[in-house]
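I have placed the structure first, in the form of structure tokens, so that the comments after it can refer back to it.
Every number here is computed from the coordinates shown, using simple stated rules; none is lab data. Remember, predicted model here, so these are calculated numbers, not experimental data. Please note: Cβ atoms are built from the backbone with ideal geometry, for glycine as well, and neighbour counts cover all protein chains shown.
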Amino acid sequence: MLLAFALAATAGAANAQSSLRDAFFGNRGETRKAPAPPIARYVAETGDAFILDRAAPQPLLKFENSSEVWVLSPQPAPRGDTIYKNELGEPVLRASKLGGMTLFTRERPGGDAAALMGKASSIQPPPFISVNALFQRLVQASARASRAAQHRVSFETVDDATPATSVLVADTATVTAEAFERMARDGGRGPLARVTRVLLAEGHKSGASLKGGDLTVTYAPGKGLSGRPSSKRIIKIVNK
């Protein structure tokens, strides 16, 4: 009887744990969930928290431990699912037609279930920022990049910023600094040793190029945040 009681208690605990897990992360199974808010906060099984903003035609994602806002491209997937890919064509999220969400990261390429936590505030950028705010963003980006590279890295604008381009210029600087910090965390300071200046230049399409000590990061006005390269693209250029 004691053995039977112990087995029953163990099974009950396992069922309770499974129920709690399903309530928090969903059971990847077949139950249809209520539609998620257009701007929502999620937490993955690994603890990664992020906001997904689908209120505009250009979906955006931002992790809570990062200043970068990722521009995503939704693409249809089998079984009626939707895959959201980044600028390099890498899958970032998979949304099932039943409401489940899976997050793909470098550490967990196979994906982790992400639980919907509720509504969140928009991460869409404002239409413009002041000249002083833009200057402060460039100073902050220079400080972050300099710490990562362990030498001074200046940030300069090649073209005069206008109210219409102010946000894009500022965000391009922020994303570039994010790229420097990510390379430093991953032990990639070697390539950063040759970069002494970041030039923010207006162009017809986003991109980056490295010549000598100058890293030129190009932004394309009128395309929203997709008008600047992501940190991953910048890292790819610096590592060449």
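Structure notes:
- The relative contact order of the chain, computed from alpha carbon pairs under 8 Å that lie at least 6 residues apart in sequence, is 14 percent.
- For Met117, residues with placed amide H under 5 Å, excluding near neighbours: Arg41, Tyr42, Val43
- Placing a label point 7 Å from the Cα of Ala164 along the Cα-to-Cβ line, the residues of segment 106-129 whose backbone N sits under 20 Å from it are 125-129.
- Distance between the C-alpha centres of segment 58-121 and segment 132-158: 30 Å, rounded to the whole angstrom.
- Computed from the Cα positions only, the extents of segment 131-238 along the three principal axes stand at 36, 26, 22 Å, in decreasing order.
- Using just its DSSP H runs of length 4 or more, each adding -39500 (n - 2.57), the chain gives a mean residue ellipticity at 222 nm of -10000 deg cm²/dmol after division by all residues.
- Selected from Ile235, Gly188, Val131, residue furthest toward positive end of dipole (segment 131-238; charges at beta carbon): Gly188
- Proximal lysines relative to Lys240, as straight alpha-carbon distance under 25 Å, when same-chain residues fewer than 8 apart are discounted: Lys85, Lys205, Lys211, Lys232
- Simple spin-label estimate for Lys240 and Phe63 in nanometres, 7 Å along Cα-Cβ: 2.5 nm
- For a modelled paramagnetic label at Ala56, 7 Å from Cα along Cα-to-Cβ, the residues of segment 179-213 in reach, with backbone nitrogen under 20 Å, are 202-207.
- Each of Thr157, Thr162, Thr172 has some number of other Cβ atoms within 10 Å of its Cβ, and from fewest to most they run Thr162, Thr157, Thr172.
- The smallest convex shape that holds all Cα atoms of segment 51-182, its convex hull, gives 134 Å³ per residue.
- Its convex hull of Cα atoms gives segment 32-119 a direction-averaged projected area, equal to a quarter of the hull surface, of 5.6 nm².
- Rounded to the nearest 20 debye, dipole of the chain from Cβ charges on Lys, Arg, Asp, Glu: 320 debye
- The convex hull of the Cα atoms of the chain, projected and averaged over all directions, covers 16.5 nm².
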